[in-house]
Amino acid sequence: MTTHTHDTVPTQFVEASGIRFAYRRFGKTSGIPVVMNIHFRGTMDHWDPAVTDGLAQEREVILFDNAGIGASSWVTPSTIPSMATDAVAFIKALGLTKVDVLGYSVGGKVAQEIAVQAPDLVRKLVLVGTGPRGADTAASKAGEIFSATYDPPEHLWIAAHFLPNEKGYAAGLKYLERKHRRKDRSPEVSEVSATAQYAAIVSSNEKSDGVWDYLADIHQPTLVVDGSNDLIIPTINGYTLQQHMPNAQLIVYPDSSHGPQNQYPELFVAHTNMFLNA
């Protein structure tokens, strides 16, 4: 067990495919590590320490900034499969041959593509607040939420992750307090990188015949976690994942939106550890 926590673990760097990846790893060093893939406009510092430190009690946690994000170099790709290719290069550069992969929002789309591209590398998947290729976004409020102005600006993440009610706002404030305890943080995502991420999301959500067929080939045990009313990637997408993946289970948390793991961190850690330990 390392002595570091989310707030104290040093940032390290590794090079692969011409990219200098920034990453942090901490927790219990035996067993299969879990590699975490973050959301749109997110860096390593957008993970909830209550989640990462909770998971680190039972396994090694690896956080990283993908290409062009935060403290990592290079250019952010404009497709999800290219993001996954970079993530696979990062994982292999650490000398790892088997990992669990956790993906949140667009990171969940990347996690699926990692399993498609490198099936032997991935043991289990945890997909949070995400959807498949060709996701149903008809009821999404993402455009409205991300185009609004917030005072302070960090309250964007309350609107994006939590429901606009008293319970959601209170949970959002607690999340932001936990999130900002760390002092040496990755740089915020640039507008150039955010534009590339947005293009990747739009491309990934395009509808076509057989767009979900790839899910049948993801045989890894998969835990899908959703909020009951996800305002960014509507909750129905979690059900689609569970129905089309051969070895998936779905948990929907009550009275929650796009960040159920941030609203119920202890419960999420318990469910995730139970799933990964099984």
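Just so you know, all these numbers are worked out from the coordinates, no wet-lab data involved. Bear in mind the structure is a predicted one, so any value in this text is a computation, not a measurement. So basically every Cβ, Gly included, is an ideal-geometry build from the backbone, and we count neighbours across all protein chains shown.
For Cα pairs less than 8 Å apart in space and 6+ apart in sequence, what is the mean separation divided by the residue count of the chain, i.e. the relative contact order in percent?
22
Which of the following values of Cα extents along the principal axes in Å was calculated from the structure shown: (1) 62, 47, 39; (2) 73, 42, 33; (3) 43, 42, 39?
Checked against the structure: label (3).
Magnitude of the Cβ-charge dipole of the chain, K/R +1 and D/E -1, about the Cα centre, nearest 20 debye? Provide the component values of the computation, followed by the final result.
Values: 22 positive and 29 negative charges, 122 e Å.
Roughly 580 debye, rounded to the nearest 20.
Across 10 Å bins from 0, what is the distribution of all Cα-Cα pair distances for region 200-278, in whole percents?
Each 10 Å bin holds this share of Cα pairs: 18, 43, 34, 6.
Order of 44-50, 150-156 by packing, highest average Cβ count within 10 Å first?
Details: 44-50: 22.3, 150-156: 11.1.
Answer by packing, highest mean first, reads 44-50, 150-156.
Roughly speaking, what is the centre-to-centre gap between region 210-238 and region 31-63 when only Cα atoms are used, to the nearest Å?
The distance from the Cα centre of region 210-238 to that of region 31-63 comes to 20 Å.
Find out how many positive minus negative residues lie around SER228, taking Lys and Arg as positive, Asp and Glu as negative, among other residues whose Cβ is under 13 Å from that of SER228.
Numbers: positive: LYS167; negative: ASP226, ASP230, ASP255.
Residues close to SER228 contribute a combined charge of -2.
So, how do all the Cα-to-Cα distances of region 188-234 break down into 10 Å bins, in percent, from 0 on up?
18, 31, 43, 8
Give the percent of DSSP beta bridges with both residues in the chain that are antiparallel, rounded to the nearest 5.
Values: 11 of 33 bridges.
Rounded to the nearest five, the antiparallel share is 35 percent.
What is region 138-278 by shape, rounded, prolate or oblate, if you read a ≥ b ≥ c off the alpha carbon gyration tensor as root eigenvalues and call it rounded for a/c under 1.5, prolate for a/b larger than b/c, and oblate otherwise?
The shape class here is oblate.
How large is the helix-only mean residue ellipticity at 222 nm for the chain, computed as the sum of -39500 (n - 2.57) over DSSP H runs with n ≥ 4, divided by its residue count, in deg cm²/dmol to the nearest 500? Each step should come with its number before you reach the end.
Details: 10 runs with 100 residues, N = 278.
Dividing the helical sum by the residues of the chain leaves -10500 deg cm²/dmol.
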